[in-house]
Amino acid sequence: MATVDTSLPAHPTGAAATLAASHASEHDLKLYGGWFCPFVQRAWIVLHEKDIPHQYIEINPYHKAPEFLALNPRGLVPTLAVPTASSNGKAAKPLYESSIICEYLDEAYGDDSAALLPRGKENVYERARCRLWIEHVGSKIVPAFYKFLQHTPEKDYTIEEARENFLGHIKAFVKEMGDGANGGPWFLGDRFSLVDVMLAPWAKRMFLIDHYKPGGVGIPTAGEDEGVWKRWGVWFDAITQRKSVLETWSDDEMYIAAYKRYAEDTTQSEVAKATRKGGRLP
Ligand SMILES: N[C@@H](CCC(=O)N[C@@H](CS)C(=O)NCC(=O)O)C(=O)O
């Protein structure tokens, strides 16, 4: 049973392999990641969006190597090793939790015009609103995604309930999006932000629900919420075609194989165990 997770292919493929290869040389800023991991993809997207020099190191987080646990006692990827001013990289400080890594990278690199969270006093409310919807992605949409994908006929909830729950959380998110009046597809309209980054990896993985679950994701195509779902479609098409998303993506069939363990609910990952128990995700 344990091998269901530790036997994952050891390297990215496709576009992500090309990107990883171009960031293989030694660098003080190191991202420890797993190609299959959506939380890693968040951090990888930010590194790529902001063109931040770094080293990408592929590891299997299910192996819990002592050197990995020394950096991140939670034993999860992404883990970032951040150079300290006084070090030559050896005494790098660790950082983990994808949303915290992303905010750190955004603040530490690039000027205001390239910021993925609006900066400055004049944007205090907008920044807080972004954090609110980032929190919604993490505490509502992502757990509902796993509950849906890990649904099996033995569960005490139906697949229809899982679908309704997932779509309900997406709908609440879409209703908060710019209405397109300022001309762009993103959460903030024409401005790409961390809110888009936070949901991107799961948007990219929604095809796995279509692949594995009867009835698929089931985005409504007509009905009273037609406008909401149209707006979702605009965002979805834009995010799944975004360069930084595509270039951190391995071949589709690798995800189909890797997520079989979720679809059959046999994985022992911390995320899956928490989903089964109905608890908070790690
Ligand atoms: N809350 C964490 C979650 C990270 C996470 O669960 N990563 C998974 C891979 S997708 C992992 O490292 N799993 C190892 C395990 O479950 O033992 C974050 O946002 O970074």
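The values are calculated or read from the model by the stated rules, or taken from the named source; none is laboratory data. Quantities reported herein were computed from a predicted structural model and do not represent experimental measurements. For neighbour counting, all protein chains shown are included, and Cβ atoms are generated from backbone atoms with ideal geometry for every residue, glycine included. Protein only, heavy atoms only, side chains kept; ligands, DNA and RNA dropped before computing areas. Shrake-Rupley method; radii C 1.70, N 1.55, O 1.52, S 1.80 Å.
Remarks
- At most 14 other Cβ within 10 Å, DSSP loop - chymotrypsin sites (Phe, Trp or Tyr not before Pro), the stretch 146-233: Tyr157
- Taking amide H positions as modeled 1.01 Å from N, with prolines and chain starts lacking one, the residues under 5 Å from Gly189 and 5 or more places away or on another chain are Gly178.
- Residues with amide H under 5 Å from that of Thr79, placed H, sequence gap 5 or more: Tyr32
- FRET efficiency estimate (nearest 0.05) - Cβ-Cβ, Asp252 to Thr6, R0 22 angstrom: 0.45
- For the stretch 60-123: rounded, prolate or oblate by the Cα gyration tensor [a/c cutoff 1.5]: oblate
- Subtracting the Cα-Cα distance of Lys175 and Tyr125 from their residue separation scaled by 0.36 nm leaves 16.2 nm.
- Sparsely packed trypsin sites (Lys or Arg not before Pro) within the stretch 215-259, loop by DSSP, other Cβ within 10 Å at most 11: none
- Cβ-derived FRET efficiency at R0 22 Å, Asp111 paired with Asp28, nearest 0.05: 0.55
- Distance between modelled label sites at Tyr104 and Ala21, nm, 7 Å Cα→Cβ extension: 3.0
- Across the chain, the relative contact order, built from alpha-carbon pairs under 8 Å that are at least six residues apart, equals 23 percent.
- Accessible-area composition of the stretch 57-192, carbon plus sulfur, in percent [1.4 Å probe]: 54
- Most simply put, the chain has about 70% antiparallel DSSP beta bridges, counting only bridges with both residues inside it.
- Members of Lys230/Lys273; Lys155/Lys260; Lys147/Lys175 lying beyond 26 Å, as alpha-carbon distances in this model show: Lys230/Lys273
- Descending semi-axes in whole angstrom, ellipsoid equivalent of the stretch 37-190, from the Cα gyration tensor: 30, 26, 11
- What the Cα atoms of the stretch 3-114 give is an Rg and a Dmax of 13.7, 46 Å.
- Taking Glu103, Glu224, Glu253 in turn, the Gaussian network model of the chain (Cα-Cα springs below 10 Å) assigns the largest fluctuation to Glu224.
- Put simply, the convex hull of the Cα atoms in the chain casts, on average, a shadow of 15.5 nm².
- Where the alpha-carbon atoms of the stretch 163-238 are placed on the principal axes, they occupy 38, 28, 18 Å, in descending order.
- Those aspartates and glutamates that a straight Cα-Cα span of less than 13 Å connects to Lys50, excepting residues fewer than 8 apart in one chain: Glu103, Asp106, Glu107, Asp111, Asp112
- Taking a ≥ b ≥ c as the square roots of the eigenvalues of the Cα gyration tensor, an a/c ratio of 1.5 or more together with a/b larger than b/c marks the stretch 121-277 as prolate.
- The stretch 150-198 and the stretch 1-75: distance between their alpha carbon centers, rounded to Å: 26
- Potential extension, Asp265-Thr84 segment - 0.36 nm per residue separation minus Cα distance: 61.0 nm
- Using a probe of 1.4 Å, the accessible surface attributed to Val124 totals some 70 Å² when neighbouring protein chains are kept in position.
- Rounded if a/c under 1.5, otherwise prolate or oblate - the stretch 106-164, Cα gyration tensor axes: prolate
- The mean accessible area for residues of the stretch 3-114, using a 1.4 Å probe and ignoring ligands and nucleic acids, is 46 Å² per residue.
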